[in-house]
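Right, one structure below, let's go through it.
The values are calculated or read from the model by the stated rules, or taken from the named source; none is laboratory data. What you see is a predicted model, and the numbers here were worked out from it, not measured in a lab. Counting neighbours? That spans all protein chains shown, and the Cβs are built from the backbone with ideal geometry, glycine included.
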Amino acid sequence: MAEAPLLPRKDQEATGYWRSEARKLAYLALPMVAVSLSQYAVQVSSNMMVGHLPGVLPLSSAAIATSLASVSGFSLLTGMASALETLCGQAYGARQYHTLGLHMYTAIVTLLVACVPLSLLWAFMGNLLVLIGQDPLIAHGAGRYIVWLIPGLFANAVIQPITKFLQSQSLIMPLLLSSVATLALHVPLCWVMVFRTGMGYTGAALAISVSYWLNVAMLVAYIVMSSTCKETRTPPTIKAFRGVGVFLRLALPSALMIW
């Protein structure tokens with residue numbers, strides 16, 4: 001008489017299914033965690049460089065400016081770009097591959113336009129901090145620092161849609177490699193900007209902006225040159241402007257949830 005299996009066959013199939021799904025999820029999630037950490041480390045490493053400057057004013061100004069930039073700019077763009085998780089995911093699942101590129105262009109255009117009022121806000125951030133009672137020295141120091149982050153804000157408006165564009169296709173390794181390479185280049189660049197150019201703590205902010213644009217260059221080069229994006233990359237077209245309304249209907253609630 002044959003012995004009964006320890007687990008019913010259906011339970012074994014369910015266990016195998018969950019293990020398979022967990023491996024797929026880990027393949028996507030773990031590299032994206034590393035991508036997020038690498039992008040965050042760019043700003044953290046800049047603050048660490050500033051911390052080696054004499055006095056407490058440079059680090060205080062840089063820390064406040066970094067926090068305000070994250071809340072009023074970078075987080076907002078990240079939230080708006082999250083709309084592409086829905087739009088690009090649906091398009092890729094429906095095999096409408098050319099639509100992914102259109103959605104990406106729509107997001108880039110919209111986010112770049114959003115950067116204009118945000119950059120104006122950052123330009124007057126020092127005066128605004130004084131108005132709300134912040135110490136004038138720290139306030140104006142933070143204002144000078146955040147002004148040099150404005151080019152990085154526009155770069156981030158390009159990075160975030162490209163990230164969602166590649167992520168929706170499960171192309172995670174290019175994101176990981178570009179983020180790690182950006183961080184590796186940023187550290188010596190920041191050191192030179194802070195200690196060798198005479199810019200002081202504002203050099204750290206400029207280094208962030210330059211590093212973000214280097215990341216943009218690497219990601220764009222991958223999309224243009226890689227065969228994996230052959231079906232999804234499309235040339236810029238006026239059609240990208242027609243999808244702004246649909247994009248905003250998803251982007252604004254997403255931004256509020258993250259913000």
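If the condition is being touching a helix residue (DSSP H, G or I) at 6+ places or on another chain (Cβ under 6 Å), outside any loop (DSSP other than H, G, I, E, B) and surrounded by 15 or more Cβ atoms within 10 Å (Cβ to Cβ), then the stretch 222-249 contributes 222, 223, 229, 240, 244, 247.
Evaluated against (1) farther than 30 Å from residue 232 by Cα; (2) of a type in the set (Val, Ile, Thr); (3) under 22 Å from the mean Cα position of the chain (by Cα), residue 113 falls short on exactly one condition, (1). The set of residues from the stretch 58-77 being in contact with a Phe, Trp or Tyr (Cβ under 9 Å, 6 or more places away or on another chain) and either assigned to a loop (DSSP other than H, G, I, E, B) or buried (at least 17 other Cβ atoms within 10 Å of the Cβ) (or both) comprises 58, 59, 61, 62, 64, 65, 66, 68, 69, 73, 76. Residue 80 falls short on exactly one of the conditions (1) surrounded by fewer than 23 Cβ atoms within 10 Å (Cβ to Cβ); (2) farther than 20 Å from residue 237 by Cβ, and that condition is (1). Would you confirm whether any residue within the stretch 88-98 is assigned to a helix (DSSP H, G or I), of a type in the set (A, V, I, L, M, F, W, C), touching a His at 6+ places or on another chain (Cβ under 9 Å) and buried (at least 21 other Cβ atoms within 10 Å of the Cβ)? Yes, because at least one residue in the stretch 88-98 is assigned to a helix (DSSP H, G or I), of a type in the set (A, V, I, L, M, F, W, C), touching a His at 6+ places or on another chain (Cβ under 9 Å) and buried (at least 21 other Cβ atoms within 10 Å of the Cβ). Residues that are surrounded by fewer than 11 Cβ atoms within 10 Å (Cβ to Cβ), modelled with pLDDT under 95 and either among the hydrophobic types (A, V, I, L, M, F, W, C) or assigned to a loop (DSSP other than H, G, I, E, B) (or both) do not occur anywhere in the stretch 34-42. Considering (1) free of Cβ contacts under 8 Å to residues at least 40 places away in the same chain; (2) loosely packed, with under 13 Cβ neighbours inside 10 Å, the lone condition that residue 257 does not fulfil carries the number (1).
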